[in-house]
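Quick one: the structure is below, questions incoming.
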Amino acid sequence: MFRFLDINIATLIPALMLGIALSAASGFRVFLPLLVGNLAGKFGIYTLSENMAWLGETPATIVLAMAAVFELAAYYVPVVDNLLDTIAMPSAVISGTILTSSFVPIDDPVLQWGLGLIAGGGVAGTIQAGTSLLRLGSTKFTGGLGNSILTSIENGLSVFLYIVGLILPLFIGAISLYFVVWVWRKLYNRKQQAV
């Protein structure tokens, strides 16, 4: 296999893409993808990194399941959904970083967490920023009445991303990365045109 800095590229790429796919789902909902990562590690569907084994343990399952149920329900309450969006941005970045770092088989913690932050945290943060802006627009134009529809769409997209991400991590990871690059390129082009 290809090796770089004693890293097995053949196992790194699928693990990184799984982390990115689950991180993309974290941009929609913070705790549900963490719960999925927990269950994937707990039942041996995917291997967690040694220093992230705590994510696959039963206490984490209980806490993440309760947090996911609370989060799903809270987004359907007007005003609370907008308040959640204010704390969801940093939480999504942290969740995306943890998820990507959990599956990346790298022994060097600086490289492991660096990849987790850049790849996972960046994807989760970008998607969360977009959903926050959509919710603000929905609140402004529908008086909050459209927020529950938006919440249902976000929940569906999150579920879709982590289910397909578990099955086809390379495909979803690549699409997620493409989306983030596309968004950043659009923002950069707008900034260049404004100058």
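The values are calculated or read from the model by the stated rules, or taken from the named source; none is laboratory data. Model, not experiment: these values are computed from the prediction. As a convention, Cβ positions derive from the backbone with ideal geometry for all residues, glycine included, and neighbour counts pool all protein chains shown.
The rows are residues; the columns are (1) surrounded by fewer than 19 Cβ atoms within 10 Å (Cβ to Cβ); (2) β-branched (Val, Ile, Thr); (3) closer than 21 Å to ALA10 by Cβ; (4) out of contact with any helix residue (DSSP H, G or I) (no Cβ under 9 Å at 6 or more places or on another chain).
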site	(1), (2), (3), (4)
PHE31	no, no, no, no
LEU48	no, no, yes, no
ILE62	yes, yes, no, yes
PRO78	yes, no, no, no
THR86	yes, yes, no, no
MET89	yes, no, no, no
PHE103	no, no, yes, no
ASP107	yes, no, yes, no
VAL110	yes, yes, no, yes
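With the structure loaded, tell me whether TRP184 is surrounded by 12 or more Cβ atoms within 10 Å (Cβ to Cβ) and out of contact with any helix residue (DSSP H, G or I) (no Cβ under 7 Å at 6 or more places or on another chain) or whether it fails that test.
Values: surrounded by 12 or more Cβ atoms within 10 Å (Cβ to Cβ): yes; out of contact with any helix residue (DSSP H, G or I) (no Cβ under 7 Å at 6 or more places or on another chain): yes.
Considered against the rule, which asks whether it is surrounded by 12 or more Cβ atoms within 10 Å (Cβ to Cβ) and out of contact with any helix residue (DSSP H, G or I) (no Cβ under 7 Å at 6 or more places or on another chain), TRP184 comes out as yes.
Could you tell me whether THR86 is polar (S, T, N, Q) and outside any helix (DSSP H, G or I)? Show your work before the answer.
On the way: polar (S, T, N, Q): yes; outside any helix (DSSP H, G or I): no.
Taking the combined requirement at face value, the residue does not satisfy it.
Here's something else I'd like to know. When both residues are 6+ apart or on different chains and their Cβ atoms are under 8 Å apart, which pairs have a first residue that lies in the stretch 19-31 and is under 9 Å from ALA92 (Cα atoms) and among the basic types (Lys, Arg), and a second that is at pLDDT 90 or above and crowded, with 24+ Cβ neighbours inside 10 Å?
Matching pairs, first to second residue: none at all.
Those residues that are aliphatic (A, V, I, L, M) and under 15 Å from PHE179 (Cβ atoms), I need them from the stretch 134-165; list them, please. Give the derivation first.
Taking the stretch 134-165 first, the residues aliphatic (A, V, I, L, M) are 134, 136, 145, 149-150, 153, 157, 159, 161, 163-164.
Listed by number, the residues that qualify are LEU134, LEU157, LEU161, VAL164.
Going through LEU117, LEU111, LEU39, LEU48 one at a time, which residue ends up being in contact with a Gly (Cβ under 6 Å, 6 or more places away or on another chain), more than 26 Å from ILE149 (Cβ to Cβ) and among the hydrophobic types (A, V, I, L, M, F, W, C)? Before you say what the answer is, go through the steps one by one.
On the way: LEU117 fails: in contact with a Gly (Cβ under 6 Å, 6 or more places away or on another chain); LEU111 fails: in contact with a Gly (Cβ under 6 Å, 6 or more places away or on another chain); LEU39 fails: in contact with a Gly (Cβ under 6 Å, 6 or more places away or on another chain).
Criteria check complete, one pass: LEU48.
Six or more apart or on different chains, Cβ atoms under 6 Å: show the pairs whose first residue is in the stretch 125-148 and among the polar types (S, T, N, Q) and whose second is surrounded by fewer than 14 Cβ atoms within 10 Å (Cβ to Cβ) and not in a helix (DSSP H, G or I).
SER148/TYR76
Could I ask something else about it? Anything in the stretch 139-164 that is aliphatic (A, V, I, L, M) and buried (at least 16 other Cβ atoms within 10 Å of the Cβ)? List them, or say none. Before you say what the answer is, go through the steps one by one.
Within the stretch 139-164, the first condition is being aliphatic (A, V, I, L, M), and the residues that meet it are 145, 149-150, 153, 157, 159, 161, 163-164.
Within the stretch 139-164, LEU150, LEU157, VAL159, LEU161 meet the criteria.
If you take the residues in the stretch 8-51 that are in a helix (DSSP H, G or I) and polar (S, T, N, Q), which one is nearest to GLY116 (Cα to Cα)? Even if it seems obvious, please write down each step before you answer.
Looking only at the stretch 8-51, we keep the residues that are in a helix (DSSP H, G or I), and these are 9-26, 31-42, 50-51.
Okay, now just the ones that are also polar (S, T, N, Q), so 11, 23, 26, 38, 51.
Numbers: THR11: 16, SER23: 9, SER26: 13, ASN38: 16, ASN51: 13 Å.
That would be SER23.
How many residues, within the stretch 92-131, are polar (S, T, N, Q), touching a Ser or Thr at 6+ places or on another chain (Cβ under 8 Å) and farther than 17 Å from LEU48 by Cα?
Of the residues in the stretch 92-131, 1 are polar (S, T, N, Q), touching a Ser or Thr at 6+ places or on another chain (Cβ under 8 Å) and farther than 17 Å from LEU48 by Cα.
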